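One structure below.
What follows draws every value from the coordinates through simple rules; no lab data is involved. Everything quoted here is computed from the prediction, not taken from an experiment. Don't worry about glycine lacking a Cβ; one is built from the backbone with ideal geometry, like all the others, and counts go over all protein chains shown.
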Amino acid sequence: MQRLKTHSEFQAVLAGVIVSRTVHFAMHRNGLNVMVAGSAGNGRRKQTLLAQDSTRIGALVPKRLANRAVTRNAIKRQIFSVGADFGSLLPTVAHVVRLRAGFDKKLFISASSDRLRSAIHGELKQLFNNAVLPLSSTSPGA
């Protein structure tokens, strides 16, 4: 599994559909061919932004929801770790996991606490399971 890196890749995936949601996270998914601005001005052309040989994942953790850098980095590490576990089950498209609500500072005082780590890990597993479930539950003969 590879990571998304450029702003245009993130924007292309965020323009896609939300395939899974939890209390704190949302997962966006988009195909590999997306419309981007043409080099000759106002024209638009279809360009492949992402390699088609593997699943790609990106993490979006806004500073307004996780003020401390150590918290943002811990959340991103968890996203990539759980994403690697589910990488073979996800389709070969691009995914962005976005933090959409902050964690309560009164309940989770430290960014490195086991309580916060387990809460994030459990919620991310639920997020990825929900994203994979519709793909695996559809049978070709039904």
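Each residue of segment 101-114 was assigned a 3J(HN,Hα) from its phi angle through the Karplus curve 6.51 cos²θ - 1.76 cosθ + 1.60 (θ = phi - 60°); the sequence is 8, x, 8, 5, 5, 6, 7, 10, 6, 10, 6, 9, 6, 5 Hz, with glycine and proline shown as x. Lysines within cross-link reach of residue 76: Cα-Cα under 17 Å, excluding same-chain residues under 8 positions apart? Reachable lysines: 5, 63, 125. Scalar couplings 3J(HN,Hα) for segment 16-31, obtained by applying the Karplus form with A = 6.51, B = -1.76, C = 1.60 to θ = phi - 60°, are x, 8, 8, 9, 7, 9, 10, 4, 10, 10, 9, 10, 9, 9, 8, x Hz; x denotes Gly and Pro. A straight chain from residue 68 to residue 2 at 0.36 nm per residue would run longer than the Cα-Cα distance by 21.2 nm. Partner aspartates and glutamates whose Cα lies under 20 Å from the Cα of residue 106, excluding those fewer than 8 positions away in the same chain, are identified as 114, 123. Modelled label positions at residue 105 and residue 21, each set 7 Å beyond Cα in the direction of Cβ, lie 2.6 nm from each other.
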